[in-house]
1. Quick one: length gained pulling Met138 to Lys340 fully straight, 0.36 nm per residue minus the C-alpha distance?
2. In Å³ and rounded to a whole number, note down the convex hull volume per residue for the Cα atoms of the chain.
3. Would you list, by chain and number, the lysines whose Cα falls below 17 Å from the Cα of Lys64, excluding same-chain residues fewer than 8 positions away?
4. Show me 330-342, 78-90 ranked by packing, highest mean number of other Cβ atoms within 10 Å first.
5. Whose amide H sits under 5 Å from the amide H of Phe220, counting only residues 5 or more places off or on another chain, with H placed in the peptide plane?
6. So how far apart, in nm, are the two label points at Ser182 and Asp389 if each is 7 Å from Cα heading toward Cβ?
7. Show which aspartates and glutamates lie in cross-link reach of Lys49 when reach means a straight Cα distance below 13 angstrom and same-chain residues fewer than eight apart are skipped.
8. Treat region 188-285 as a sphere of radius equal to its Kirkwood radius over Cα pairs and apply Stokes-Einstein at 20 °C in a medium of 1.002 mPa s; give the translational diffusion coefficient in µm²/s, rounded to a whole number.
Amino acid sequence: MPNVVLVGAQWGDEGKGKLIDVLTAQADVIARFQGGNNAGHTVKIGGDKFILHLIPSGILHKGKVCIIGNGVVVDPQALLKEIDELAAKGVSVDRNLFISEACHIIFPYHRKLDLLKEAKMGALRIGTTGRGIGPAYMDKFSRSGIRLVDLLDRNVFKRKLEAALAEKNQIIEKIYGEKPISHAEIFEPYCGYADRIRKFSANTSVILNEALSQNKNILFEGAQGTLLDIDFGTYPFVTSSNPTAGGACTGTGVGPTHIDRVIGVAKAYTTRVGEGPFPTEFDEKLAARVREEGGEYGATTGRPRRCGWFDAVMLKHSIDVNGIDSIAITKLDVMDILPKIKVCTGYKHNGTVYKTFPLNIDVLSASEPVYEEFDGWLSSTKEIKRYDDLPANAKRYLARLEGLMGVKIKMISVGADRGETLSLESIF
Ligand code: GDP
Ligand code: IMO
Ligand code: MG
C-alpha cells in the first residue's frame, strides 16, 4: 500500500482531521510532522465530536500506530490534557502513540512571548493562536531549544532551563516590562509531565522505517495549510513551520523516496483565521451567512473564521509546491444555500492579469480577483452518497474546479460526519 501525505491546500481548517479519520481505515501508521497545538482537527463519528490538537486523528481507530514526529513542537500540558480527554471518551492512548524524543518542547515563556509580541505589534499583529508556536520554533532554529530527550533527564533539563530562562527573562523584563518567570514554577511541574510522557517517547524515525520495511503504509497528517507555510505562504502572516508536503520528510525522518502520493484538501470555498491578505474574502453579510451555515469558528481558539470564494490561482500554487496528485473537496454542502457561486481564476494588478500566486503580499493585497460565476444548486447535498446523484450544477462547479486545477478530485465531503464522504477513486 502506498504512503500518502495529506496537506491543507488553503489557510488551514480544510477538514483534514475528518479526511484523515476516513483514510486511516486504509493505513497502518499515522504521523504528524509539523506544527503543534495551534492545530484543531475535528472528527465527527455519529453523535461524538473529537477535536485533536497534537495527536494524529488516526488515534480514533483501534489497532493503528500514531506518531508525533520530530518536526512537531509539543506543549506537554496540552498533550496530557488531550490524552486525558480522549480517555474520558473511551479512547485509550497507550501503546498506540509514540512521540519523537527530538521534538522541541513548548514552555510557558514561549506562550508568554507569543502573546506579548502580538500585543506589542498592535495593528500589525499576525493573529497567532497564542500557543507559543513561533517562539518555540525560534528556539529550535537558534539551537537553544529544549527537546523531549532533554526534558526526560532531570539534570540536563535543569541546566538547559536555567540557560533558557536567563535569556527569556531579559526579553520579558527589558523589552516588554513584564514580570520574569521563575525556574521553580516550571521545573517541578515539567518534571512531572516528563514522567507521564516518558513511556511515549521514542526514536520515531526508526519506528517508521521499520514499519516501511515490513510493508506497512504511512499516512502523514499535515496541520495548518499551504498558505500558512513559512516558505510558500502569505509571509509574514503564516505559521512557523512547513505544512507543505516536504515537511513530511524532515518532520519524521522518512526519506522522499518513500512518499508515493500527496493529497490536497480544500474547502469548496475558502476560509482563514487570523490576519493577512485574503483576495476573495466575502463582504460581511455573505461571510456571516456562510460562517453560520458552515460553523466557521476556530476549532482551537473559537475565533470566527473569515470566509471567501474558492481561489483556483491559490490552489494551483498549492498543487505545485506540494506535488499534489489528488484533491479532496470538503464542505460542498455549505454551498447548498448560495444562488450564485464565484471562483477566482486570476489576479488583476496594475492592468495585468496574473495566473500565478504572488508571494509578495503587497501585490497580493492590491490585486483584484478575476471571477467566473456559476449558478448554485439550491438543494441539499448532505444525504447524497454517490457522485452521480449530486445536483447538475454542483457537478458542473466541481468539473470546472478540476479543470482549473488540472488535478483529479478523488473525494468529496458533504457533511462533518465520517459517513458523509463520497469516494470517487481510491487514494491508496
Ligand atoms: P482541519 O483543521 O483541517 O482538520 O479542519 P477543522 O476541524 O478545523 O475545521 C473543519 C470543520 O468543518 C470542522 O468543524 C468539521 O467538523 C467540519 N467539516 C469537515 N468536513 C465537512 C463537510 O464536508 N461539511 C460540513 N458541513 N462540515 C464539515
Ligand atoms: P489546522 O491544523 C487555521 C494561523 C493562525 C495565525 C497563523 C499563525 O487546524 O488547520 P500560530 O499560532 O501558528 O503562530 O499562528 O496561523 N493558524 C491556523 N489557521 N488552522 C490552523 O490549523 C492554524 N494554525 C495556525 O490563526 O493566522
Ligand atoms: Mg483546524
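1. Values: separation 202, 0.36 × 202 = 72.72 nm, distance 4.45 nm.
Fully extending the segment from Met138 to Lys340 adds 68.3 nm.
2. Working: hull volume 58.8 nm³, N = 428.
It comes to 137 Å³ per residue, whole-number rounded.
3. Excluding near neighbours in sequence, the set is Lys18, Lys216.
4. Numbers: 330-342: 19.4, 78-90: 15.1.
Descending packing order for the listed peptides: 330-342, 78-90.
5. Here the answer is Val4, Val5, Leu6, Ala31, since their amide H atoms fall under 5 Å of that of Phe220.
6. With each label point 7 Å from Cα toward Cβ, the separation is 6.4 nm.
7. Asp21, Glu85, Asp417
8. Details: Rh = 16.6 Å.
Taking Rh from Cα pairs, D becomes 129 µm²/s.
The values are calculated or read from the model by the stated rules, or taken from the named source; none is laboratory data. Note that the coordinates shown come from a computational prediction; the quantities given were computed from them, not determined experimentally. Cβ: placed from backbone, ideal geometry, glycine included. Neighbour counts: every protein chain shown. Each accessible area value is taken on the protein alone, full model and side chains, heavy atoms only, with ligands, DNA and RNA left out. Shrake-Rupley method; radii C 1.70, N 1.55, O 1.52, S 1.80 Å.
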